[in-house]
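What follows is a single structure, written as structure tokens, with notes after it.
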Amino acid sequence: MGGVTGDPDFEKGNLRGKIKEGEQSEMAPISRSSSRPQLDLSGAAIQGNFEERNPTIILPNQSDDISHLALDIGGSLIKLVYFSRHEDRPVDDKRKRSLKQRLGFPNVNRRSYPILGGRLHFVKFETAEINECLDFINSKQLHRGGINPRGWHVNSSVNDDAIIKATGGGAYKFADLFKERLGVGIEKEDEMDCLVAGANFLLKAIRHEAFTHMEGQKEFVQIDQNDLFPYLLVNIGSGVSMIKVDGEGKFQRVSGTNVGGGTYWGLGKLLTKCKSFDELLELSQRGDNRVIDMLVGDIYGGMDYSKIGLSASTIASSFGKAIFGNKELEDYSPEDISLSLLRMISYNIGQIAYLNALRFGLKRIFFGGFFIRGHAYTMDTISFAVQFWSKGEAQAMFLRHEGFLGALGAFMSYEKHGLDDLMAHQLVERFPMGAPYVGGKIHGPPLGDLSEKISWMEKFLQKGTEILAPVPLAPLRTTGLGGFDSPSSKGGSLRSDDATLNVGVLHLVPTLEVFPLLADSKTYEPNTIDLSDHNEREYWLTVLSEHLPDLVDKAVASEGGTEDAKRRGDAFAHAFSAHMSRLMKEPSAYGKLGLANLFELREECLREFQFVDAYRTIKQRENEASLAVLTDLLMELDSMDEESRLLTLIEGVLAANIFDWGSRACVDLYHKGTIIEIYRMSRNKMQRPWRVDDFDTFKERMLGSAEKKPPPHRRALLFVDNSGADVILGMLPLARELLRRGTEVVLVANSLPALNDVTAMELPEIVAEAAKHCDIIRKAAEAGGLLMDAIVNIQDAPKEDSSLAPLMVVENGCGGPCIDFRQVSSELADAAKGADLIILEGMGRALHTNFNARFKCDTLKLAMVKNQRLAEKLVNGNIYDSVCRYEPGP
Ligand SMILES: Nc1ncnc2c1ncn2[C@@H]1O[C@H](COP(=O)(O)OP(=O)(O)O)[C@@H](O)[C@H]1O
Ligand SMILES: CC(C)(COP(=O)(O)O)[C@@H](O)C(=O)NCCC(=O)O
Ligand SMILES: [Mn+2]
């Protein structure tokens, strides 16, 4: 079987440090004292033409800063954490440069180096298969650390003093083998240091890292950074370590036990003849421990021993029943043995952990190590033990990256890796195509490129039934027929939540920031709908599944409908269906799941199969059609008095929000050719009151009363949604109205395409076209440095006319139809600093997410509800109802 690494991305070449002219000046003042990766400018040389405006600069000595691979070689498993540098999109975005001038970004602490972006990958191998691991490292050239100016691993010779950081006993045991096979030395890091560093990093930087698991229910715990220490870290590997952690690098190993994961696996193997750890775990799922364990009831004639609080079903003595009669090992079923063993060991560890927590007065116990293996029953058993012995005083928590603490810690021990002060908002976890199939298991070489990915998918589908897949797929069907309700997995195999590694690839995006206008970023929850509810999840997954054929059609067409595009389309459909299928069964497989994540996963999945912009042509066509009627609309608006104009503008935004290729209902309207009719109709007679109608309050804030004219807003952030009529005939005229009133307007649009949403890259051109029809827009766009000629000549742009409110465009940092305000682009965060009005438009940004969000300034949420169920649930209304929610700032 082909290999899947979870992220088969294999970035080749083109990893040289690139800085552009105009940015050098920003780099100079940055403090060099931090431990962030820094640009080593020594020996910098310009490549190519010196006369060029933005020549590429090569940084030959840059390589020292970036570390790539760290290992934890344990008694049972080898854990690998590796970093791949990811080139950001070109920094040579003229819009951005002009924006910096207009908004006067402070830039003091701006970490705008593309050098910082990258991905952390997590992989494991069995220690017994160390050669497989060495092959993997070799095939990805992970041991060649550092960025070579000519690319990633073009260099064929490894330099003599190359080292990789490793922890765990194997760092000693296998050092020679690494030198021999890979030509690299191993620098040993202390195992306890690494475990603690890894745990602290995860608890600080990953939002939904820790969770409780009780009676089958997983619940993510939000850890308060200021209230993390002290805690007890219990790492259950082959053996068990218990560490009291008091701070960064402050800890003491207070206890341990030799009865650990190796004991379960070793004894289990002897007693059941199992061939693999997973098989042993699987057996336990069908076992009944009462056959072997001696229960309190067995001793007390079926009764509880209530005086000391023991119920009849409590295990009095693990394996105790085996003393009776003359049964041989063969007389017991492997299933029952496995379960008794699992409970014996889990309870024992839970109890010792609790006693140590008690000893030091610790309330929180985090359990890590691969013994846990995301296995629901194991976690429940440990939780039960802690709860039972502490009488509810202490709580067991688990970590999503359970087995990778040591490896992560070893990674952190590289100097200047820049990870130690990364915050949760700078990390985005993604689950690539392989995630639903094999998680972290690696077999064979990694996937090299897209075509390998696709053929892997095709082969997988053909052989689907032979391979133990947590989420088997329906046989290959025609393009786009995905569906997520696939046949259940092979009887007796581990449930999907038990069988795969629940960690994705961590994308480090240092330019992401928390939106500064969130009223309370700590309590902010972007998603409106709770997908942990089974019905809700089933409904939305069905919606997405039914939309798949149309989406694949569009995607394939956007790439010219070639054979290659069709193959990619099929592969995309299957990959996304597999994600959905997994999430249906196991909603928290990828962390806390919301609708926003699901929509974004779909876009990411499209990008993985190189569908860069599935709705490109559709967007262009709709933009052209809308621009053609803009003049008429503006004339009509200008003939109105202020009050009716404001109402018409808001109506216009609501009506035009119908042009949505993401909604089933609207796609139907498009296909029937009736969408324009409906748009016209709703433009002409939008019945007020709307379903949510705060227009009057908004109007009062805007226009005031006869006696009192309120001052205009200083700066408005308009979060735009769809291309075509939505942005051109809806939001742009509203922006114009604000500009005319002296309010600066910042159009906030997606960084990457999602459905037919307009992107920040596309907006300047649209604005430039609109400017041809309207003086207000033209002057404002000029003042905002948006017009193409103005952009090209920023340096000699006309002196800003302070009486003119500028129109600007910023990207939001998102690549999906929703927005999570905990992670927005730094340019949006900067633009927000002077803003006192936020307008969120569309279902994705104003309803699915942020409907309940509160901001520090006036906020207007505008959307047409294009889904019946959402309309009922959210606003007690019907499909095509309008929402105009206005919340004045405090
Ligand atoms: N695929 C697997 N193969 C072997 N052991 C596994 C596997 N998955 C989980 N385990 C369990 O995880 C334990 C190893 O956990 P780990 O945290 O990697 O510790 P170590 O560093 O001692 O290898 C094993 O003893 C076993 O109980
Ligand atoms: C994907 C969307 C959030 C986009 O809506 P928009 O933000 O463009 O108003 C929306 O179309 C949606 O919720 N679609 C799924 C529901 C449905 O098809 O009915
Ligand atoms: Mn949209």
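Where the second residue is among the hydroxyl-bearing types (Ser, Thr, Tyr) and the first is in contact (Cβ under 8 Å) with a residue 40 or more places away in the chain and lies in segment 182-203, which pairs have Cβ atoms under 6 Å and are six or more apart or on separate chains?
Sorted first by the residue in segment 182-203, then by its partner, the pairs are 189/167; 189/413; 191/167; 194/167.
Scan the helices (runs of 4 or more DSSP H) fully inside segment 147-262 and keep the ones with 3 or more residues being in contact with a Phe, Trp or Tyr (Cβ under 8 Å, 6 or more places away or on another chain) and modelled with pLDDT of 95 or more.
On the way: elements: 170-173, 175-182, 191-205.
In segment 147-262, the matching helices (runs of 4 or more DSSP H) lie at 191-205.
So that you can scan it fast, the table gives a plain yes or no per residue for (1) in a loop (DSSP other than H, G, I, E, B); (2) open to solvent by 20 Å² or more (accessible area, probe 1.4 Å); (3) in contact with a His (Cβ under 6 Å, 6 or more places away or on another chain); (4) more than 16 Å from ligand 2 (Cβ to nearest atom):
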| site | (1), (2), (3), (4) |
| --- | --- |
| 392 | yes, yes, no, yes |
| 408 | no, no, no, yes |
| 411 | no, no, no, yes |
| 414 | yes, yes, no, yes |
| 421 | yes, yes, no, yes |
| 432 | yes, no, no, yes |
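Say we look at segment 866-875 and pick out the residues that are of a type outside the set (Lys, Arg) and touching a residue at least 12 places away in the same chain (Cβ under 8 Å); which of these is nearest to residue 692 (Cα to Cα)?
Filtering first and then ranking leaves 875.
Scan segment 848-862 residue by residue and report those that are outside any strand (DSSP E or B) and in contact with a Cys (Cβ under 9 Å, 6 or more places away or on another chain).
848, 850
Within segment 244-267, can you find the residues that are free of Cβ contacts under 8 Å to residues at least 60 places away in the same chain and either within 16 Å of ligand 3 (Cβ to nearest atom) or surrounded by fewer than 22 Cβ atoms within 10 Å (Cβ to Cβ) (or both)? Working first, answer last.
Filtering segment 244-267 for residues free of Cβ contacts under 8 Å to residues at least 60 places away in the same chain gives 245-252, 256, 258, 266.
If the condition is that a residue be free of Cβ contacts under 8 Å to residues at least 60 places away in the same chain and either within 16 Å of ligand 3 (Cβ to nearest atom) or surrounded by fewer than 22 Cβ atoms within 10 Å (Cβ to Cβ) (or both), then 246, 247, 248, 249, 250, 252, 256, 258, 266 are the ones that fit.
Consider segment 845-890. How many of its residues are within 16 Å of ligand 3 (Cβ to nearest atom) and under 27 Å from residue 834 (Cα atoms)?
Residues flagged as within 16 Å of ligand 3 (Cβ to nearest atom) and under 27 Å from residue 834 (Cα atoms) within segment 845-890 amount to 11.
State which residue is most open to solvent (accessible area, probe 1.4 Å) when the search covers only segment 665-723 and only residues that are aliphatic (A, V, I, L, M) and closer than 17 Å to residue 879 by Cβ.
The qualifying residue most open to solvent (accessible area, probe 1.4 Å) is 681.
Collect the residues in segment 351-382 that are assigned to a helix (DSSP H, G or I), within 16 Å of ligand 1 (Cβ to nearest atom) and crowded, with 24+ Cβ neighbours inside 10 Å, keeping them in residue-number order.
Our first condition is that a residue be assigned to a helix (DSSP H, G or I); within segment 351-382, this holds for 351-359, 376-382.
Of the ones still in play, those that are also within 16 Å of ligand 1 (Cβ to nearest atom) are 353, 376-379, 381-382.
Matches in segment 351-382: 353, 378, 379, 382.
Do we find a residue being more than 23 Å from the chain's Cα centre (by Cα) and not aromatic (Phe, Trp, Tyr) anywhere in segment 597-617?
Checked segment 597-617: at least one residue is more than 23 Å from the chain's Cα centre (by Cα) and not aromatic (Phe, Trp, Tyr).
Could you grab me the full set of residues in segment 290-317 that are open to solvent by less than 40 Å² (accessible area, probe 1.4 Å), in a loop (DSSP other than H, G, I, E, B) and over 14 Å from residue 271 (Cα atoms)?
293, 312, 314
Which of (1) within 27 Å of residue 600 (Cα to Cα); (2) away from ligand 2 (no atom under 16 Å from the Cβ) is the odd one out, the single condition residue 727 does not satisfy?
Status for residue 727: all satisfied but (2).
Please work out which residue is modelled with the lowest pLDDT, limiting yourself to segment 764-786 and to residues that are surrounded by fewer than 23 Cβ atoms within 10 Å (Cβ to Cβ) and not in a helix (DSSP H, G or I).
773
Can you go through 271, 283 and tell me which one is of a type outside the set (Val, Ile, Thr) and either farther than 20 Å from residue 373 by Cβ or open to solvent by 30 Å² or more (accessible area, probe 1.4 Å) (or both)? Steps first, answer last, please.
Numbers: 283 fails: either farther than 20 Å from residue 373 by Cβ or open to solvent by 30 Å² or more (accessible area, probe 1.4 Å) (or both).
Just a single option satisfies the conditions, and that option is 271.
Is it fair to say residue 836 is away from ligand 3 (no atom under 16 Å from the Cβ), acidic (Asp, Glu) and open to solvent by less than 20 Å² (accessible area, probe 1.4 Å)?
When the stated conditions are applied, residue 836 does not pass them.
Between 566, 554, which is surrounded by 19 or more Cβ atoms within 10 Å (Cβ to Cβ) and assigned to a helix (DSSP H, G or I)?
554
Checking residue 323 against (1) surrounded by fewer than 11 Cβ atoms within 10 Å (Cβ to Cβ); (2) within 25 Å of residue 262 (Cβ to Cβ); (3) not acidic (Asp, Glu), only one condition comes out false. Which one?
Unmet condition: (2).
The values are calculated or read from the model by the stated rules, or taken from the named source; none is laboratory data. If you're wondering where the values come from, they're calculated on a predicted model, not measured in any experiment. All Cβ positions, glycine included, derive from the backbone under ideal geometry; neighbour counts span all protein chains shown. The area values use the complete protein model at the heavy-atom level, side chains included, leaving out ligands, DNA and RNA. Shrake-Rupley method; radii C 1.70, N 1.55, O 1.52, S 1.80 Å.
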